[in-house]
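Engineer: Please find one structure pasted underneath; my questions will follow.
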Amino acid sequence: MRHRSLRTARQRIIGGLSVGLLATLGLAVPAAAHAPRTTEATAPASAPASASKAASGEGSALTPPMGFNNWNSTHCRAEFNEAMVEGIADIFVAKGLKDAGYQYVNLDDCWALPQRDADGKLVPDPARFPNGIKAVADYVHSKGLKLGIYTSAGTKTCDRAGFPGALGHERSDAQQFADWGIDYLKYDNCNNQGVDAKQRYPAMRDALKAASETTGRPIVYSICEWGQNKPWEWAADVGHLWRTTGDISDSWGSMLSIAKQNLPLAPYARPGHWNDPDMLEVGNGGMTDTEYRSHFSLWSVMAAPLLIGTDLRKATPETYQILGNREVIAVDQDPLGKQGSVVSSEGGRWVIAKQLADGSRAVALFNETDRARHIATTAAAVGLDHAPAYRLRDLWRHQDYNTAGAVTATVPAHGTVLYRISPDRRWASYPPAVELGGEGASLTEAGATAQVDTVLTDLGRTPARRVAVRLTGPEGWRIRAVSPTRAGSLPTGKKLTTRWRITAPADAEPGAYDLTAGADYRSPSGAKATARLVSTVHVVVPPPSGTSYASDLPWLSALNGWGPVEKDTSVGESAAGDGHPITLGGTVHARGLGVHAPSEVTYYTGGRCTAFTARVGVDDEEGAAGTVAFEVWADDTKVASTEALTNTDAAKAVTAAIAGAKTVRLVVTDGGDGVTSDHGDWADAAFRC
Ligand code: GLA
């Protein structure tokens with residue numbers, strides 16, 4: 001199905017401000033922009049303790065399924081064919097992914113012909129699978145791997161072409177799958193004719209069970225009804241995993257919103273029964289590698305199925321490094337089978353802890369925000385008994401440290417630090433953990449001098465010795481320490497704060513620049529250790545004096561629910577430049593911004609502007625479904641807002657006093673009714689400076 005779920009397109013800064021990462025903006029993110037502390041759902045009292053009746057594969061999927069599915073990379077394009085599927089199986093073996101645990105090679109929609117044959121049997125598309133599905137299964141099995149297939153619990157599948165669904169054909173289709181040697185079925189929800197999911201999904205469970213008894217090959221059963229009927233409440237006896245949300249797409253906003261929907265369902269996951277927040281997008285190009293590491297870390301602490309969704313034949317070394325990180329995979333595949341739960345999430349600083357079979361905890365420190373953040377918890381808060389010290393292993397850096405109990409990091413924008421913390425008698429043999437953080441300017445004008453502090457904190461039970469901190473920037477930047485950069489010994493909890501003055505070259509182009517803080521230190525035994533933090537400084541240009549249209553000024557960042565933010569047109573929804581003239585209540589406005597909720601467009605005003613004005617509303621191009629509310633923020637203060645507006649409302653005049661503000665954020669929320677047709681217009685938007 002084509003879900004109109006939240007799909008936030010991150011845009012690159014324009015007007016000469018290009019950024020690789022939408023990284024450390026010097027913008028405080030209001031608490032309201034982030035989820036409140038997630039309250040966990042409570043597990044049903046009647047939850048069965050074992051996977052007694054689940055499909056045919058009793059005792060299957062005791063850890064979350066791992067493998068590949070073509071959908072996220074190919075959809076129905078012709079490249080989804082036998083050569084691709086067998087190529088992926090080859091790569092699983094050749095690149096060590098099979099050894100790392102990836103096992104299922106799964107076909108998604110579009111493998112069949114639109115019509116059944118005269119006997120009512122499914123027919124593989126001969127253009128894609130000229131040798132049939134059994135031949136593919138034989139090939140995949142010959143590599144020691146397993147084959148999955150897809151159909152819908154409806155009359156047709158989800159693709160527009162409408163391939164046959166299994167509603168009313170459960171027995172025959174299941175038998176065909178079993179005869180082909182299928183090991184896994186993803187069972188979708190499209191064209192379900194309104195038949196209750198609690199009938200449709202058990203019908204296929206029973207059919208799979210009967211069919212697999214004739215072949216002796218268990219079939220993992222993946223329920224894909226997008227969380228619409230709360231399958232976590234009733235499907236433990238039905239399937240091994242159930243989708244909890246609409247479809248993921250290859251964007252930061254989609255991944256984030258899906259993670260937030262799946263996290264509270266932790267109590268329902270256990271061996272043989274998993275919450276499924278949809279397949280991985282790692283490697284598909286719509287997120288940065290930092291964001292893909294967060295995606296992979298989050299899916300692993302959530303004990304989610306790890307189904308690779310990128311065409312591995314074209315994947316980069318970084319993609320292989322992420323998908324092949326065995327220490328992270330071990331968190332996902334831990335035999336205790338617990339899904340991690342949220343310890344705290346204030347202000348977009350997430351702490352998620354997962355209990356592991358050996359008594360240790362995986363702890364994800366996940367930074368939802370657009371700038372580096374200090375995120376902190378403790379060994380006690382994640383459930384470990386009191387001990388003088390613990391072993392703290394960084395699962396992305398593959399390093400061990402000792403900690404006296406603090407589990408903290410300054411985490412880059414959109415990044416995740418993933419630790420495994422455990423009691424360990426040998427803790428003193430590891431160097432002390434340190435946190436390298438920073439505070440201060442992240443916006444500066446060319447030629448101007450700004451001040452930043454680096455802060456190195458010893459988290460270990462042992463002191464950090466011979467500490468030396470440095471800060472480096474791009475070619476031509478002047479960076480000078482104005483307080484000590486060294487410390488002889490930093491005991492537990494003590495900090496070395498160093499003040500720096502940084503000057504961007506007078507001719508620096510506006511844009512984002514990396515500053516890299518590094519620290520060297522030694523453990524008491526003399527062993528060397530290092531820490532590093534990359535943060536971003538934006539070189540910004542102040543707006544000209546007089547009145548300027550927002551659409552004539554470069555923005556610092558722009559987030560948008562669907563498609564890019566448009567200048568001087570409505571939002572369109574998909575590609576840049578696909579909007580229409582901004583029209584509110586029949587009046588066309590030549591200037592303004594067209595956005596789609598949830599949206600946030602930030603401008604640098606440098607304390608030089610006094611007022612922002614606009615006429616706002618839902619564009620006339622949308623039907624009655626669109627509901628949005630507008631907010632103007634001057635730094636951290638909301639200075640103007642509207643109630644929820646629909647396109648039957650007349651355009652509202654917004655006037656905001658912004659004197660002194662360094663940045664101004666134009667926020668559009670969904671008006672509280674979900675993100676549907678929320679085309680917001682900031683007509684005639686202008687700054688007086
Ligand atoms: C639905 C599912 C997706 C994918 C497509 C195929 O949207 O949720 O995961 O299988 O159908 O058409």
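The values are calculated or read from the model by the stated rules, or taken from the named source; none is laboratory data. All of these numbers come straight from a predicted model, not from anything done at the bench. We place every Cβ from the backbone using ideal geometry, glycine too, and count neighbours over all the protein chains shown. Only protein heavy atoms, including side chains, enter the accessible area calculation; ligands, DNA and RNA are left aside. Shrake-Rupley method; radii C 1.70, N 1.55, O 1.52, S 1.80 Å.
Engineer: Enumerate the amide H contacts of T449 below 5 Å, restricted to partners 5 or more residues apart or on another chain; note that Pro and chain-start residues carry no placed amide H.
Structural biologist: none
Engineer: A further question follows. Find how many whole Å separate the alpha carbon centroid of segment 665-689 from the alpha carbon centroid of segment 507-572.
Structural biologist: Segment 507-572 and segment 665-689 have Cα centres separated by 23 Å.
Engineer: 222 nm [θ] for the chain, helices only, -39500 (n - 2.57) per DSSP H run of 4+, per residue, to 500?
Structural biologist: Dividing the helical sum by the residues of the chain leaves -4000 deg cm²/dmol.
Engineer: Could you sort 264-275, 157-168, 539-550 so that the peptide with the highest average Cβ count within 10 Å comes first and the rest follow in order?
Structural biologist: 264-275, 157-168, 539-550
Engineer: Accessible area of K260, 1.4 Å probe, to the nearest 10 Å²?
Structural biologist: Only protein atoms counted, so the area is about 60 Å².
Engineer: Ordered by residue, what ³J(HN,Hα) values in Hz, to whole numbers, does segment 70-77 give under the Karplus form 6.51 cos²θ - 1.76 cosθ + 1.60, where θ = phi - 60° and Gly and Pro are x?
Structural biologist: Each residue's phi maps through the Karplus curve to give 6, 4, 5, 9, 10, 6, 9, 4 Hz.
Engineer: How would you order 639-651, 216-228 from highest to lowest mean count of nearby Cβ atoms within 10 Å?
Structural biologist: Most protected by this proxy first, the peptides run 216-228, 639-651.
Engineer: Using alpha-carbon pairs under 8 Å, 6+ residues apart, how would you state the relative contact order of segment 434-541 in percent?
Structural biologist: The normalised contact order for segment 434-541 reaches 35 percent.
Engineer: Below 8 Å, C-alpha to C-alpha, sequence gap of six or more: please give me the relative contact order for the chain in percent.
Structural biologist: Result for the chain is 12 percent.
Engineer: If amide H atoms are built 1.01 Å from N in the plane of the peptide, which residues on other chains or at least 5 residues away come under 5 Å of the amide H of S557?
Structural biologist: Amide H neighbours of S557: T602.
Engineer: Here is a follow-up. Amide H of D568: which non-local residues (sequence gap of 5 or more, or other chain) have their own amide H closer than 5 Å, using H built in the peptide plane?
Structural biologist: G592, L593, G594
Engineer: Could you give the radius of gyration (one decimal) and Dmax (whole number) of the Cα atoms in segment 340-430, in Å?
Structural biologist: Gyration radius and largest Cα-Cα distance of segment 340-430: 12.5, 39 Å.
Engineer: Further question on the same structure: Shape of segment 547-688 from its Cα gyration tensor (a ≥ b ≥ c, root eigenvalues): rounded if a/c is under 1.5, otherwise prolate when a/b > b/c, or oblate?
Structural biologist: Taking the square roots of the gyration eigenvalues as a ≥ b ≥ c, segment 547-688 is prolate.
Engineer: Compute, for E435, the solvent-accessible surface of its heavy atoms (probe 1.4 Å) with the complete set of protein chains present, and express it in square angstrom to the nearest 10.
Structural biologist: About 10 Å², rounded to the nearest 10.
Engineer: Go through segment 568-577 residue by residue and turn each phi into a ³J(HN,Hα) via Karplus (6.51, -1.76, 1.60, θ = phi - 60°); whole Hz please, and just put x for glycine and proline.
Structural biologist: Along segment 568-577, the couplings run 6, 9, 6, 7, x, 2, 10, 8, 5, x Hz.
Engineer: Unpartnered cysteines of the chain (Cβ-Cβ under 4.7 Å counts as a partner)?
Structural biologist: Isolated Cys, the chain: C224.
Engineer: Enumerate the lysines that K528 could reach by cross-link, defined here as Cα to Cα under 22 Å, with residues fewer than 8 away along the same chain left out.
Structural biologist: K494, K495
Engineer: Hey, can you rank 235-247, 445-457 by average C-beta count inside 10 Å, highest first?
Structural biologist: 235-247, 445-457
Engineer: Given axes a ≥ b ≥ c from the Cα gyration tensor, I'd like to know whether the chain is rounded (a/c under 1.5), prolate (a/b larger than b/c) or oblate.
Structural biologist: Oblate, because a/c is 1.5 or more while a/b does not exceed b/c.
Engineer: Report the one residue of G347, A372, W427 whose Cα lies farthest in the direction of the positive end of the charge dipole of segment 340-430 (charges on C-beta: Lys and Arg +1, Asp and Glu -1; origin at the Cα centre).
Structural biologist: Toward the positive end, the furthest listed residue is W427.
Engineer: Could you work out the relative contact order of segment 547-688, using alpha carbon pairs under 8 angstrom and six or more residues apart, expressed as a whole percent?
Structural biologist: Here the relative contact order equals 32 percent.
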